[in-house]
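What follows is a set of notes on a single structure, which appears directly below.
Please treat every number below as a calculation from the coordinates, not as lab data. Everything numeric here is computed off the predicted structure, so don't read it as measured data. Virtual Cβ from ideal backbone geometry, glycine too; neighbours counted across all protein chains shown.
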Ligand SMILES: Nc1ncnc2c1ncn2[C@@H]1O[C@H](COP(=O)(O)OP(=O)(O)OP(=O)(O)O)[C@@H](O)[C@H]1O
Ligand SMILES: [Mg+2]
C-alpha cells in the first residue's frame with residue numbers, strides 16, 4: 001500500500017509524481033506532524049492500540065472511494081463531540097501508520113484512495129458503529145485535513161463566495177451576493193485552525209505564530225489571505241480569505257449586474273485604451289481590484305505592463321506582463337521589499353504601464369512620478385469614499401514620506417492623474433460604480449475635479465434593493481478628449497456620453 005512502510009520497515013518506492021490537472025490546485029504540504037518510521041509490526045501495534053476504543057468489531061462496510069474527490073457539501077453538518085473524538089483517534093493513528101513524507105509526491109486521487117484504505121482498516125480494528133454516510137463524512141474530513149484546508153474545503157470549492165471570515169474555531173462567516181452569512185462550519189479547536197493557517201501561509205514561504213502573529217499570503221488558486229493570531233486576536237486565530245473568482249469578472253459582467261450602464265462601460269473601455277492615468281477609489285470590498293482587472297483588459301497586447309502588489313491578485317490576460325510582489329521582513333526584521341522599492345525598480349524595467357494593486361503609503365509619490373514621466377496609462381487603487389477624498393488621501397499618503405509643501409503635492413496629483421473611478425458597495429450589498437471623474441487641474445490651491453458620469457439614487461424597491469440610474473453629467477467633450485482622439489476613440493466617447501446624458505437636466 002502506498003505510503004505505508006513495508007514489513008521490513010523500508011519506505012515504499014516513491015510513485016512518480018503525477019502532474020495535477022490544469023484546473024486542479026497543487027496539493028498543499030502535509031500538516032505539521034512528524035512522520036515516524038515504523039515497521040509492519042509497528043503498524044499493526046498502532047492499529048491494535050486503537051482497539052480499546054470500541055468493543056468487538058462489528059461489520060463495517062468497506063468505504064468506496066471515488067477516483068475523483070466527491071463534490072463537497074455546501075456547508076458542514078453539525079458534528080458531535082463523539083464524532084470529533086473518533087476523528088482524532090483515527091487521524092492520530094493514520095498519521096502514525098502512513099509515511100507522510102511520501103504524500104507530497106502523490107497526486108490527490110491516489111493519496112485519497114490510500115488514506116481511505118488505511119482509515120477503513122482503522123475503523124474495522126476500532127470497531128465503532130458508524131453508518132456508511134458517517135464513514136464517508138469522516139473520510140472526507142480526514143482527507144481535507146491531510147491534503148487540504150480542513151473544514152474550509154467545502155467553502156473554498158464554492159465560486160459564489162466572495163469572502164470567508166473565520167473568527168476563531170467556532171465562528172465562520174461568508175459573504176455571498178454582497179450579504180454576510182454565518183455558516184455552521186466549525187473547527188475542532190483553535191489548534192486545528194492555527195495548523196490550517198500555518199499550512200496556508202507556509203505555501204508562500206511565510207509563517208504565522210505567536211512571535212509573528214500577522215501574515216498576508218495567498219492560496220494556490222490566487223485567493224488573498226490574511227491571518228492574525230493570538231495574542232493579537234483575542235478570541236482565537238482569525239483568518240480572512242478574499243476568494244479568487246475562477247471566472248474572472250469582465251466589464252460585460254458588471255453591466256449585467258447593473259454595476260455600470262453599457263455607456264458607462266464604453267467610457268471605461270475608452271479610458272483604458274486611451275492610456276489615461278487612472279485611480280480607482282473605493283471602500284473595503286467595493287470592487288476596486290475587480291474594476292482594475294476589468295480596465296486592464298483594454299491594454300494593447302504589445303504594451304509592456306508591470307504590476308506591483310502586496311499580494312498578487314490581478315489576472316491580466318496580456319502576454320507581456322511582469323508581476324511583482326512585495327515581501328515582508330523576516331523574523332530578524334530584515335529583507336523587507338516595500339511597494340516603493342518595487343515601483344522604483346519597475347522604472348528600470350522599461351515599463352509602458354505600471355499597475356499598482358493598492359496604494360497605501362508613500363509609494364503614492366513614486367506612482368505619481370511614474371505617471372508624470374511618460375508611463376501613461378498607469379493605474380492604481382486606493383481606499384477612499386469619494387473622488388474628492390481620494391485626492392486628499394493621496395496627499396496625506398505622500399505627506400507621510402516627504403515633507404513637501406501641500407501645493408506641490410497637489411500640483412503633482414493634478415498633473416499626473418486623469419481619471420478617478422469610484423466604486424461603492426451599497427447598503428443592499430450590491431456594488432456600483434458611482435463616479436467617473438476627471439482631474440482637470442488646479443485653481444488656486446484646489447485640485448479641480450469634474451464628474452463625467454455618476455450614479456444617481458432614486459430610492460429602493462419593496463425588497464430593499466437600491467434603484468438608481470447611471471447618467472453622464474452632460475459634458476460631451478471631456479478633458480481627456482485629445483487623448484481619446486489620439487487613439488481614435490473620440491467619436492465613440494462623444495456618443496456614449498451623449499446617449500447617457502440625463503435629458504431633462506442638460507437640454508432643458
Ligand atoms: N460589480 C460587482 N458586482 C458583484 N460582485 C462584485 C463586483 N465587483 C466585485 N465583486 C466581488 O466583490 C468581491 C470584492 O471585490 P474586490 O476584491 O474587487 O474588492 P476590493 O475593493 O479590491 O476589496 P479590498 O478593499 O479588500 O481590496 C469579490 O468577490 C468580487 O468578485
Ligand atoms: Mg482589492
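Rounded, prolate or oblate: which fits the stretch 222-272 when a ≥ b ≥ c are the square roots of the eigenvalues of the alpha-carbon gyration tensor, with rounded for a/c under 1.5 and prolate only if a/b beats b/c? It comes out prolate by the Cα gyration axes. Once the chain from residue 159 to residue 323 is taken as fully extended at 0.36 nm per residue, the excess over their C-alpha distance is 56.6 nm.
In terms of overall dimensions, the stretch 228-381 has a Cα radius of gyration and Dmax of 16.9, 53 angstrom. Sorting 483, 288, 492 from the fewest to the most surrounding beta carbons within 10 angstrom yields 492, 483, 288.
In terms of other Cβ atoms within 10 Å, 371, 442 run from fewest to most in the order 442, 371. The mean of 1/r over all pairs of different alpha-carbon atoms in the stretch 243-323, once inverted, gives a Kirkwood hydrodynamic radius of 13.5 Å. The distance separating the Cα centre of the stretch 263-284 from that of the stretch 418-450 comes to 11 Å. Here the Kirkwood formula, the inverse mean of 1/r across different C-alpha pairs, assigns the stretch 136-231 a hydrodynamic radius of 13.9 Å. When restricted to Cα atoms, the stretch 394-508 yields an Rg and a Dmax of 17.3, 52 Å, respectively. Extension gain for residue 344 to residue 184 (0.36 nm times residue separation, less C-alpha to C-alpha distance): 53.0 nm.
Between the alpha-carbon centres of the stretch 313-377 and the stretch 129-166 there is a gap of 37 Å. Among 446, 359, 321, the order by Cβ neighbours within 10 angstrom, fewest to most, reads 446, 321, 359. Projecting the alpha carbon convex hull of the stretch 358-436 along each direction and taking the average yields 5.3 nm².
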